[in-house]
Each structure stands twice: as structure tokens, then as C-alpha cells.
Amino acid sequence: MGILFEARQEILAGLGLIAEEAIVERVAVGVFFTGIKLSTGAGGLCFTPVKEVPEAVCCPSSAGRIRDPRKIQGTGVLSLLDDLDSREPLRRAMGIAALNALSAEYWSRNVPDDYEIIRNTDAQDLIEMKPDQKVAVIGALVPVMQKLKRRGGTWWVVEQDPRTLREEEMDHFVPASQADEVISGADVLVVTGVTLFNHTLEGILRKARKEADICVMGPTAGMLPGPLFSRGVRVIGGIWVRRPDELLDVLAAGGSGYHIFDDLAERIVLVRK
């Protein structure tokens, strides 16, 4: 499992009995995000892998592939962490949301000494992209692409679904099957946190130049950063859930990031010292 397994081990070592005794109070599987609230009061998010659940069109074929919604309340959170390597997308999303919730619990109790947590900040504001630098964006991260369009210069966006790109962005499009060359040639690498979910981030980081400035960003990436920092990542952008009950209500009603930021959840950035 690599990164996720190491993050799991780090959080269990950091929280000990707190993690072992925590239970799941609520879960909401929304259109855009899957959210969880723990008995400690902490909340966490992961993106909802809608495109990876084709069985969702048929109740009988999907019912046995998710956790029983009638029994998940009161489940020990460690049971959800066992699903970090599950082949079932929704189980894996819940596992990552649980890992992110435990990470928030850790930060509420500990001040890290080897990295800084900057709150109410967007990760892209801490990434310097000079005009002469080559930038590779892995995943259609809209704010980053908007910044690059204003900047100009050489940049690429690697995306599995080109339908997510606008017409003026297609000149920079690189299919995922041809990603290796642009990853290894980039001075700056900005990667969506979704790559943690689909287990592709490890391979991406191995292909990056040793001197590249690397950022991983998105709600899925809001976990203890040690495994990412050890692989060369400098900046991580995530989400800290502030009001989990209200946030889960919004997700259950189909809400997206636009409906939760600033009052229900805040952007955080983890910067390696």
C-alpha cells in the first residue's frame, strides 16, 4: 500500500488508544465527497469515486460491495482503516476519510515540529511557478490551470478524462498514457490528491526529478504528511473539517466544495521545514 499504509501506521503510533477506541458516529456519501465524523468530534473527507462505481446503476449488484449502511454507525474506526487497500471504491473512500479524520484529531492535540500547518490558505498560493519553469499538473486542478493560463510558458495537464478541460486548455493536454515524459521533465509538479485514492501517486513521485518542487493538493490529501514528505513532496493542501455534522448534511444533499468552504471546513497547507 505504500503511502496510505505508512500514514496509517504514523497515525496509530501518534494517537494510540485514542484511535483504537474511536468509533464512527456518522458517514455521508455525497456526489462529490464522502465524509465521516468520529466519536472524538473530528471529521474527515475523501473524494467520492462516482466514475469507479458502475454497479451503482443496479441495487442488487452493488449492495454487497459496500459497508452495510444500517450498521456503520458505532463501527470502530480501525475497521475502516482496514479498507484502505480495498478493491471496492466506496470502502476505500470511507477508509481515507477516516484516516483524514484521525489526522485532524492528531493535529488538535499536537503541534508538529518538522512541518508547519498554515490555516485558511490555498496550497497553490505557496507554489512558485516562474515563467521559465516547466509545470506539470496531474489532474484537472482548475485554480492551478487558471493561474498557468495567466502566466503562460510551458505547462502540461495530465488528465484521464479530457472532457473536464476547456477548449483553450486542450493545447496543454497530455493523456495519462503519455504522462511519464512530462512528469520527468517538470520543474514544478502539482498533483491532485485523488492519486492517493487510486494508488498512482507513488509511481508519479518516483518519476519526478529530484530537484522538482512538488505539491499534492485536494481534500483527499488531508492526512499526516510524513510519507509524502519522505518522497520529495514539499507542500500539501488539504481540508480541516470544522463543523462535521453540518458538513455531512450538506454532502448528503449533493453539496460540493463551494458549499462547505470557509464556515464548515477550511483549507490548510502543510509545508515541510
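The values are calculated or read from the model by the stated rules, or taken from the named source; none is laboratory data. Not measured: the values here are computed from a predicted model. Using ideal geometry, Cβ is built from the backbone for each residue, glycine included, and neighbour counts are taken over all protein chains shown. Accessible surface areas use protein heavy atoms only, side chains included; no ligands, DNA or RNA. Shrake-Rupley method; radii C 1.70, N 1.55, O 1.52, S 1.80 Å.
Things worth noting here:
- A93 vs. criteria under 15 Å from I236 (Cα atoms), of a type in the set (A, V, I, L, M) and open to solvent by less than 60 Å² (accessible area, probe 1.4 Å): no
- Flag if N120 is in contact (Cβ under 8 Å) with a residue 24 or more places away in the chain and open to solvent by less than 30 Å² (accessible area, probe 1.4 Å): no
- V144 meets the conditions (1) in a helix (DSSP H, G or I); (2) free of Cβ contacts under 8 Å to residues at least 24 places away in the same chain in every case but one. The failed one is (2).
- Residue satisfying condition, being over 30 Å from A98 (Cα atoms), open to solvent by 50 Å² or more (accessible area, probe 1.4 Å) and assigned to a helix (DSSP H, G or I), within set E169, E181: E181
- Residue ranges of helices (runs of 4 or more DSSP H) in the stretch 4-84 with at least 1 members surrounded by 15 or more Cβ atoms within 10 Å (Cβ to Cβ) and modelled with pLDDT of 95 or more: 17-21, 77-81
- Qualifying positions in the stretch 117-175 - among the polar types (S, T, N, Q) and over 23 Å from the mean Cα position of the chain (by Cα): Q133, T154
- Of all residues in the stretch 242-266, those being under 20 Å from V111 (Cα atoms) and in contact with a Lys or Arg (Cβ under 8 Å, 6 or more places away or on another chain) number 2.
- Pair list, Cβ < 7 Å and 6+ apart or interchain, from the stretch 96-112 residues that are under 15 Å from F47 (Cβ atoms) and in a helix (DSSP H, G or I) to residues that are modelled with pLDDT of 95 or more and hydroxyl-bearing (S, T, Y): I96/T220; A97/T34
- Scanning the stretch 186-195 for residues that are open to solvent by 10 Å² or more (accessible area, probe 1.4 Å) and not in a helix (DSSP H, G or I) returns D187, T192.
- Scanning the stretch 80-95 for residues that are closer than 16 Å to I3 by Cβ and either in contact with a Leu (Cβ under 7 Å, 6 or more places away or on another chain) or without any contact (Cβ under 8 Å) to a residue 12 or more places away in the chain (or both) yields L81, L84, S86, R92, G95.
- Wholly within the stretch 196-272, helices (runs of 4 or more DSSP H) carrying at least 3 residues that are open to solvent by 40 Å² or more (accessible area, probe 1.4 Å) and touching a Leu at 6+ places or on another chain (Cβ under 7 Å): none
- Considering only residues in the stretch 100-117 that are among the hydrophobic types (A, V, I, L, M, F, W, C) and over 13 Å from G35 (Cβ atoms), the one that is surrounded by the fewest Cβ atoms within 10 Å (Cβ to Cβ) turns out to be V111.
- Within the stretch 240-259, being over 15 Å from V29 (Cβ atoms) and either modelled with pLDDT under 95 or over 16 Å from the mean Cα position of the chain (by Cα) (or both) holds for R242, R243, D245, E246, G257, Y258, H259.
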